[in-house]
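A short worksheet on the structure shown next.
The values are calculated or read from the model by the stated rules, or taken from the named source; none is laboratory data. Just so we're clear, the structure is a prediction, and the values are computed from it rather than from any experiment. When we count neighbours, we look across all protein chains shown, and the Cβ atoms used for this are built from the backbone with ideal geometry, even at glycine. To get the accessible areas, we keep the full protein, side chains included, count just its heavy atoms, and leave off ligands, DNA and RNA. Shrake-Rupley method; radii C 1.70, N 1.55, O 1.52, S 1.80 Å.
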Amino acid sequence: MINDGSTDSSSYICKKYAITDKRVKYKEITNNGVSNARNVGIEFAKSEWITFVDADDWVSPDYCEKLIQYAVDDVDLVIARTVSVENGVILNDSYQGAEYTYFRKEEEKLILYRSIINDNPKVRQYPHIATCSAKLFRREIIDRYRLCYKKNLKYYEDAIFNMQVIQKCETVVVTSDILYFYRFNSLSSTQKFCSDTVIYYENAAKELLKFVDEMNLQIEDDYNQFNLKNIDTILTNYFKQKKKTLDQYKFIRNLFNLEIFKNSIARAKVKMLPSKTRIIIAICGKLGIYMPIIALYRKKSK
């Protein structure tokens, strides 16, 4: 248990478990973000296999038992299903896979990479692969290649880490078992806008592009869709604030002219986009017309 600077009674609860169950190891650290906390957990752990569970989620009672049954022979990563829970209601996912599927060749792994970065239901065969949830990592892979979470990322740190691990794995197995329950939080950082929000998304886009280029992955359209999705998220959260029209116009203009987003807007295939909102973003962005976008997001924010 890694206590990343909690301010409630978490410390007391964790220490109680550590005293009563010798399998539980506990460490307190100064709050420094989820990437640092996960890295500390990886370094602190001594097991053959590593899995992550966030404090506000829960797992099935047979979570480890189910995952470990697939961890045989040359399997280095096991991925089960995560489902989202909002206000106590389990939301349907878009899982398209078989009971279990093995991925070994690079062209097979490409299916996983695309599922991580592209949320288009016509492309994404496996939801929640981008998150740390419902995964069992062979620790030797993490240690051998010195893989870790990138501390400069606040968004998509799991996605980048998972892609790096998948690339190094001999075999990845994806199962249909629903083992992890992700509690959707409308107050989470990804649902808010702050002064650094655009920088965080820009950093994630740059790190992902770096990985794609290094691996020479032929997923340019998936990457462009990834950026358009994030532009949509940025604007949705930005328009929760009440700003003057001129400020909104300047914000959109500056956002769309950031090189990494500008390139994706220019290259995005409009017919491939999954929603009218992203189609409008792409078309207006290509034409440099921003007032329709202001009208769109003002309506959405009501």
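Odds and ends about this structure:
- Burial ranking of peptide ranges 78-84, 152-158, 223-229 (average Cβ count within 10 Å, highest at the top): 223-229, 78-84, 152-158
- Label-point separation, Arg183 to Ser94 (7 Å along Cα→Cβ), nm: 2.7
- Taking the C-alpha atoms of segment 181-259, convex hull volume expressed per residue in Å³: 112
- Between Arg267 and Thr245, the simple spin-label model (points 7 angstrom out along Cα→Cβ) gives 3.6 nm.
- Share of carbon and sulfur in the accessible heavy-atom surface of the chain [1.4 Å probe, %]: 51
- Close amide-amide hydrogen proximity is noted between Ser84 and Leu91, Tyr182, each under 5 Å apart and 5 or more residues distant or on a separate chain (H modeled in the peptide plane; Pro and chain starts excluded).
- Here the Karplus relation 6.51 cos²θ - 1.76 cosθ + 1.60, evaluated at θ = phi - 60°, turns the backbone of segment 15-29 into coupling constants of 5, 4, 5, 5, 6, 7, 9, 5, 6, 8, 10, 10, 9, 9, 9 Hz, with x for every Gly and Pro.
- Stokes-Einstein D for segment 124-271, Kirkwood Rh over Cα pairs, 25 °C, 0.890 mPa s (µm²/s): 142
- Projected area averaged over orientations for segment 229-283, convex hull of C-alpha atoms, nm²: 3.8
- Pairs from the list Lys229/Lys276; Lys105/Lys168; Lys15/Lys151; Lys105/Lys210 with a Cα-Cα gap above 19 Å: Lys15/Lys151; Lys105/Lys210.
- For the pair segment 81-108 and segment 1-65, the centres of their Cα atoms are 25 angstrom apart.
- Residue separation of Ile19 and Lys46 scaled by 0.36 nm, minus their Cα-Cα distance, works out to 7.9 nm of gained length.
- Partners of Lys262 within straight-line reach, counting aspartates and glutamates whose Cα lies under 16 Å from its Cα and excluding those fewer than 8 residues away in the same chain: Glu202, Glu220, Asp221, Asp222, Asp232.
- Annotation: per residue accessible area for segment 115-157 equals 43 Å², rounded to a whole number [probe 1.4 Å, protein chains only].
- The slack in the chain from Val85 to Asp73, taken as 0.36 nm per residue of separation less the alpha-carbon distance, amounts to 0.9 nm.
- Where Rh is the Kirkwood radius over Cα pairs, Rg/Rh for the chain: 0.98
- Note, ³J(HN,Hα) from phi for segment 59-72, Karplus 6.51, -1.76, 1.60, rounded to Hz, x at Gly and Pro: 10, 5, x, 9, 3, 5, 4, 5, 5, 5, 5, 8, 7, 10
- Report note on the peptides 92-100, 128-136: ranked by the mean count of other C-beta atoms within 10 Å, highest first, their order is 128-136, 92-100.
- A simple rule links phi to the HN-Hα coupling: the Karplus curve 6.51 cos²θ - 1.76 cosθ + 1.60 with θ = phi - 60°, which for segment 281-294 gives 4, 5, 5, 5, x, 5, 8, x, 10, 10, 4, x, 5, 4 Hz, with x for Gly and Pro.
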